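Asker: Encoded as structure tokens, here's the structure I'll be asking about.
The values are calculated or read from the model by the stated rules, or taken from the named source; none is laboratory data. None of these values were measured; they are calculated from a predicted model. Counting neighbours? That spans all protein chains shown, and the Cβs are built from the backbone with ideal geometry, glycine included.
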């Protein structure tokens, strides 16, 4: 992502990052911790083994409230292909804002709080997303940017043990559910979700409560702070798309393998921006597919590297790639022509003018361990 | 008696006679973070002062390593293929990259000694 000039914004947890010895980098207009002193590999492994705490306050929290006589879910469905009307209170879903070409303006989580819809969108897109919502929906829903709120993710197999000490009800929440819980005296909006492939929670709280509450959670012995570096390696191993890398305004949900996020009713009825193209791709298939790619050697392949078939013909491009500490080797994702997308298909990826042997690999690289109840 | 010299790109070279052992400095490994892969040149390859010699990959990114001086590669550190993290744990020792036979030892005069390098790194903040 290119960084706009100008002063960087700070999340409510910024003072803590400095205190914890984080290496801070510009990310989506914010000064964010890429790693703490233990380093990315140790942070990654800690999250898979215990509980990692991530500052994700830079992401955009947006609240939608129906105006009189309106149904906020039905209104939002005009901009996203997800089944929002099917979300009962206390449930959440992953979806995308689409454009007229069926491309992905951003991906987001939508939760039904009962009274409102709570959206969590990407940091680098939140201003544009709010403008998009306002442009299309302002006559029918109230749109509130809650950008000063804090948001942390607590991820890993011990996350439920830790959070359960503060709010026992959280233990029984299944994956992709949401509830208002009191944690250390603070009313938080907690979802059982995350972006690491592990069990865990995202916890939204008033900005002024973020620092004390996070300090409190970090005092639990299982919890360590985790930076954006490990967040990226964790989500890549989990086969989860990063907007701006794996998905963007030029890629459709079908190409990106996000078919699971579009319910049958929406596929049939359409009614969102770019529906014709997405419906056609459901019917006829997409010309290219986002796939997992596993290099045979130890050398990582990185975003923007060319993908060729074993005869040397250009068939696609790597969109995310790096080293997977849990996979214990290089892992990547990229788009390939539909004919080359089957698992096991041999490929080459060009790194520093050399062709490295790779193969299409099933996603995720590391099995998801969500709590399904 | 060996001498160690340093470059502004954070390589070190330890010279014994006409042979130099080359690696990256402790400062460099710390900046890179966890090293997960090292690509080394073949034995026999000519390397040229200031030009690409090797690549070191951290979790986040790939970085070039430049030859501090001109010469031909006489040995590479095979240990790094199986244990690239040795670069983190022992950057100035077991984490060495290559040994070269120096073509022009006078090039060493332009490099920093340990005290100058230390001062240089402190100046980077």
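Asker: Considering only residues that are closer than 25 Å to residue A:314 by Cα, part of a loop (DSSP other than H, G, I, E, B) and either modelled with pLDDT under 95 or in contact with a helix residue (DSSP H, G or I) (Cβ under 8 Å, 6 or more places away or on another chain) (or both), which ones fall in region A:354-372?
Answerer: The answer is A:364, A:365.
Asker: If residue A:77 satisfies all but one of (1) over 24 Å from residue A:286 (Cα atoms); (2) buried (at least 19 other Cβ atoms within 10 Å of the Cβ), what's the number of the condition it fails?
Answerer: (1)
Asker: Considering only residues of region B:26-52 that are part of a strand (DSSP E or B) and buried (at least 24 other Cβ atoms within 10 Å of the Cβ), which is nearest to the other protein chains (Cβ to nearest Cβ)? Break it down stepwise before answering.
Answerer: Quick first cut of region B:26-52, residues part of a strand (DSSP E or B) only: B:35-39, B:46-47, B:49, B:52.
From the residues that got through so far, the ones that are buried (at least 24 other Cβ atoms within 10 Å of the Cβ) too are B:35-36, B:38.
Working: B:35: 10, B:36: 4, B:38: 9 Å.
Per the stated criteria, the residue is B:36.
Asker: Sticking with this structure for a sec: Can you tell me how many residues in region A:287-315 are under 21 Å from residue B:59 (Cα atoms) and away from chain B (no Cβ under 14 Å)?
Answerer: So in region A:287-315, the residues under 21 Å from residue B:59 (Cα atoms) come out as A:291-307.
In the following step, the residues that additionally are away from chain B (no Cβ under 14 Å) were identified as A:291-294, A:306-307.
So the count comes out to 6.
Asker: Residues in region A:323-354 that are more than 14 Å from chain B (Cβ to nearest Cβ) and farther than 17 Å from residue A:231 by Cβ: how many?
Answerer: First pass over region A:323-354, keeping only residues more than 14 Å from chain B (Cβ to nearest Cβ): A:333-348.
When the remaining residues are screened for being farther than 17 Å from residue A:231 by Cβ, the result is A:334-348.
Residues that pass the stated criteria total 15.
Asker: Is one or more of the residues making up region A:3-17 in a loop (DSSP other than H, G, I, E, B) and touching a helix residue (DSSP H, G or I) at 6+ places or on another chain (Cβ under 6 Å)?
Answerer: Yes - at least one qualifying residue is present in region A:3-17.
Asker: Please work out which one of (1) within 20 Å of residue A:122 (Cβ to Cβ); (2) surrounded by fewer than 18 Cβ atoms within 10 Å (Cβ to Cβ); (3) under 20 Å from the mean Cα position of the chain (by Cα) is the condition residue A:191 fails and give its number.
Answerer: Among (1) within 20 Å of residue A:122 (Cβ to Cβ); (2) surrounded by fewer than 18 Cβ atoms within 10 Å (Cβ to Cβ); (3) under 20 Å from the mean Cα position of the chain (by Cα), residue A:191 violates only (2).
Asker: Does residue A:157 satisfy the criteria of being part of a loop (DSSP other than H, G, I, E, B), more than 20 Å from residue A:57 (Cα to Cα), modelled with pLDDT of 95 or more and in contact with a helix residue (DSSP H, G or I) (Cβ under 9 Å, 6 or more places away or on another chain)?
Answerer: yes
Asker: When you go through A:95, A:65, A:47, A:38 one by one, which is the residue that is within 14 Å of chain B (Cβ to nearest Cβ) and not in a loop (DSSP other than H, G, I, E, B)?
Answerer: So the residue among A:95, A:65, A:47, A:38 that is within 14 Å of chain B (Cβ to nearest Cβ) and not in a loop (DSSP other than H, G, I, E, B) is A:47.
Asker: While we're on this one: Within region B:53-63, restricting attention to residues that are farther than 10 Å from residue B:35 by Cα and more than 9 Å from every other protein chain (Cβ to nearest Cβ), which residue is surrounded by the fewest Cβ atoms within 10 Å (Cβ to Cβ)?
Answerer: That would be B:63.
Asker: Considering every residue within region A:245-265, establish whether at least one is touching a strand residue (DSSP E or B) at 6+ places or on another chain (Cβ under 8 Å) and more than 23 Å from residue A:338 (Cβ to Cβ).
Answerer: Taking every residue of region A:245-265 in turn, none turns out to be touching a strand residue (DSSP E or B) at 6+ places or on another chain (Cβ under 8 Å) and more than 23 Å from residue A:338 (Cβ to Cβ).
Asker: Further, regarding this structure: Taking region A:326-347 on its own, how many of its residues are more than 24 Å from residue A:252 (Cα to Cα), surrounded by fewer than 23 Cβ atoms within 10 Å (Cβ to Cβ) and either touching a helix residue (DSSP H, G or I) at 6+ places or on another chain (Cβ under 6 Å) or touching a residue at least 12 places away in the same chain (Cβ under 8 Å) (or both)?
Answerer: 4
Asker: If we scan region A:182-191, do we find a residue that is in contact (Cβ under 8 Å) with a residue 40 or more places away in the chain and touching a helix residue (DSSP H, G or I) at 6+ places or on another chain (Cβ under 6 Å)?
Answerer: The answer is no, given that none of the residues of region A:182-191 is in contact (Cβ under 8 Å) with a residue 40 or more places away in the chain and touching a helix residue (DSSP H, G or I) at 6+ places or on another chain (Cβ under 6 Å).
Asker: Considering only residues that are in a helix (DSSP H, G or I), more than 14 Å from chain B (Cβ to nearest Cβ) and either in contact with a helix residue (DSSP H, G or I) (Cβ under 8 Å, 6 or more places away or on another chain) or closer than 25 Å to residue A:30 by Cα (or both), which ones fall in region A:228-262?
Answerer: A:259
Asker: I need the full set of residues from region B:64-83 which are outside any loop (DSSP other than H, G, I, E, B) and within 14 Å of chain A (Cβ to nearest Cβ), in order please.
Answerer: If the condition is that a residue be outside any loop (DSSP other than H, G, I, E, B) and within 14 Å of chain A (Cβ to nearest Cβ), then B:64, B:65, B:79, B:80, B:81, B:82 are the ones that fit.
Let's see how each residue does on (1) assigned by TED's automatic domain parsing to the domain that holds residue A:230; (2) closer than 30 Å to residue A:115 by Cα; (3) modelled with pLDDT of 95 or more:
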site	(1), (2), (3)
A:9	no, no, yes
A:23	yes, no, yes
A:27	yes, no, yes
A:40	yes, no, yes
A:43	yes, no, yes
A:48	yes, no, yes
A:51	yes, no, yes
A:62	no, yes, yes
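Asker: Follow-up question, since we're still on this one. Among the candidates A:158, A:234, A:211, single out the residue that is under 30 Å from residue A:324 (Cα atoms) and over 16 Å from the mean Cα position of the chain (by Cα).
Answerer: Details: A:234 fails: over 16 Å from the mean Cα position of the chain (by Cα); A:211 fails: under 30 Å from residue A:324 (Cα atoms).
Every option except A:158 fails the conditions.
Asker: Given the conditions (1) assigned by TED's automatic domain parsing to the domain that holds residue A:214; (2) more than 23 Å from residue A:369 (Cβ to Cβ); (3) in contact with a strand residue (DSSP E or B) (Cβ under 6 Å, 6 or more places away or on another chain), report the number of the one that residue A:153 does not fulfil.
Answerer: Result: residue A:153 fails condition (2) only.
Asker: Is at least one residue of region A:68-75 away from every other protein chain (no Cβ under 14 Å) and in contact with a helix residue (DSSP H, G or I) (Cβ under 6 Å, 6 or more places away or on another chain)?
Answerer: yes
Asker: Let me ask something additional. Would you check which residues across region B:84-104 are in a loop (DSSP other than H, G, I, E, B), in contact with a helix residue (DSSP H, G or I) (Cβ under 7 Å, 6 or more places away or on another chain) and surrounded by fewer than 22 Cβ atoms within 10 Å (Cβ to Cβ) and list them?
Answerer: Answer for region B:84-104, where residues must be in a loop (DSSP other than H, G, I, E, B), in contact with a helix residue (DSSP H, G or I) (Cβ under 7 Å, 6 or more places away or on another chain) and surrounded by fewer than 22 Cβ atoms within 10 Å (Cβ to Cβ): B:92, B:94.
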